[in-house]
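These notes concern the structure reproduced below.
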Amino acid sequence: MEYNSLRLKRPLTVSEIVTVHYFEYASSYAFPGESHDFWEFLYVDKGSLFVTAGSTRRELSQGELIFHAPGEFHALEANGSVAPNLVVVSFCCQCPDMELFRGRTFRVGPTERSLLARIVRESTSAFSTPLNDPWTSGLERAERAPYGGEQLLGAALEELLIRLLRRETPEPPPELSAGADDVVDKVLRYLEERLSQPLTLEQVCQDNLISRSQLQKLFRTRTGGGVMAQFGRMRIDEARRMIRTGGSNMTEIAAALGYQSLYYFSRQFKKHTGMSPTEYAHSVKMLSEGLDGRSCKPSAPGCS
């Protein structure tokens, strides 16, 4: 039998990285602004701040990401009350589809946050340049950088960009209309923003102005299950992420996600994952789902 190889399509490639930063600014910080001939994005990891992009000034809050196109003037200013933490990445990419990012702001979900964390983590290992130096104009390679670190950094950055671009070119299932898909996306965002609250189906329907039967039908078509089942999965996914980052104990995680007791949290965790939270914390499964198996300490760059 004769085999024929297939060259992989790579519609988006990042050719060069310019800077990677993780800043922990004071509440009074202000950056007067600049422009340059490469792309840059800013992600708010904690707090909020005002960002100027061209002639537009807007406030960004935790979980939001903004792109600055080549040549666009941009500046930032803390709001005076909350000290913001920021991820700032600048890079070169000649893909024509990058124009879809011009002037755009995105709400980032758990998958994108994991990719941002990987970018910061790989940069910390691959480069000797401090990530918190605002005067960095270029990165210097570390003498003993892990094998393939720059490639993993590039892969994470490209995946982040591709996932955000896919939002601009959605492919809804044939049985869902675009309008129905928008409703599901809206409710999913609503659920993600309330993982710490003990929601009820009635409350979800009321806040999103939709009937119970219609919402359940849309969710079963899209996810294969009901709204509250999806909410339960999202809470456990967030619990797994919190266990992987290692900043909280099980009692704190249960409380942060709105569970009434550690016992109930453990039961739900085992129902979804097949193991208790403690078993998961010491498992190969957790290591395989994490970035590289190391705990992310609260003081380290990239931790939220």
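Of these, Ile236, Ile253, Ile243, which one is farther than 30 Å from Arg166 by Cα, buried (at least 18 other Cβ atoms within 10 Å of the Cβ), not acidic (Asp, Glu) and not assigned by TED's automatic domain parsing to the domain that holds Phe106? One residue alone meets the criteria, Ile253.
Among the candidates Lys285, Lys217, Lys297, single out the residue that is over 28 Å from Leu116 (Cα atoms), at pLDDT below 95 and not aromatic (Phe, Trp, Tyr). Only one candidate passes the filter, namely Lys217.
Against the definition (on the phi < 0 side of the Ramachandran plot and outside the structural domain of Arg118 (by TED's automatic domain parsing)), how does Ser5 come out, yes or no?
Values: on the phi < 0 side of the Ramachandran plot: yes; outside the structural domain of Arg118 (by TED's automatic domain parsing): yes.
Criteria met by Ser5.
Each residue in the range 177-211 was checked for being under 22 Å from Gly258 (Cα atoms) and aliphatic (A, V, I, L, M), and 7 pass. For Ser61, the requirement of being over 21 Å from the mean Cα position of the chain (by Cα) and either buried (at least 19 other Cβ atoms within 10 Å of the Cβ) or not basic (Lys, Arg) (or both) is not met.
For the range 15-51, the set of residues classified as of a type in the set (Asp, Glu) and either assigned to a strand (DSSP E or B) or closer than 19 Å to Leu116 by Cα (or both) consists of Glu16, Glu24, Glu34, Glu40, Asp45, listed by residue number. Of all residues in the range 87-132, those being closer than 23 Å to Ser48 by Cβ, out of contact with any Asp or Glu (no Cβ under 7 Å at 6 or more places or on another chain) and of a type in the set (Gly, Ala, Ser) number 3. For the range 81-131, a residue qualifies if it is under 14 Å from the mean Cα position of the chain (by Cα), among the hydrophobic types (A, V, I, L, M, F, W, C), surrounded by fewer than 21 Cβ atoms within 10 Å (Cβ to Cβ) and more than 14 Å from Arg163 (Cβ to Cβ), and exactly one does: Val88. Of all the listed residues (Gly109, Gly54, Gly33, Gly63), the sole one being touching a residue at least 12 places away in the same chain (Cβ under 8 Å) and either touching a Ser or Thr at 6+ places or on another chain (Cβ under 8 Å) or of a type in the set (D, E, K, R) (or both) is Gly33.
Of the residues that make up the range 190-202, is at least one among the charged types (D, E, K, R), in a helix (DSSP H, G or I) and not assigned by TED's automatic domain parsing to the domain that holds Arg240?
Initially, the range 190-202 is screened for residues among the charged types (D, E, K, R), giving 192-194, 202.
From what is left, the residues that are in a helix (DSSP H, G or I) are 192, 202.
Keeping just the survivors that are not assigned by TED's automatic domain parsing to the domain that holds Arg240 gives none.
No: the range 190-202 contains no residue that is among the charged types (D, E, K, R), in a helix (DSSP H, G or I) and not assigned by TED's automatic domain parsing to the domain that holds Arg240.
In the range 13-34, which residues are in contact with an Asp or Glu (Cβ under 6 Å, 6 or more places away or on another chain) and surrounded by fewer than 16 Cβ atoms within 10 Å (Cβ to Cβ)? Outline the logic, then answer.
First, pick out the residues of the range 13-34 that are in contact with an Asp or Glu (Cβ under 6 Å, 6 or more places away or on another chain): 14, 30.
Across the range 13-34, the qualifying residue is only Ala30.
The values are calculated or read from the model by the stated rules, or taken from the named source; none is laboratory data. Here the structure is a predicted model, which means the values were calculated and not measured. Backbone-built Cβ (ideal geometry, glycine too); neighbour counts: all protein chains shown.
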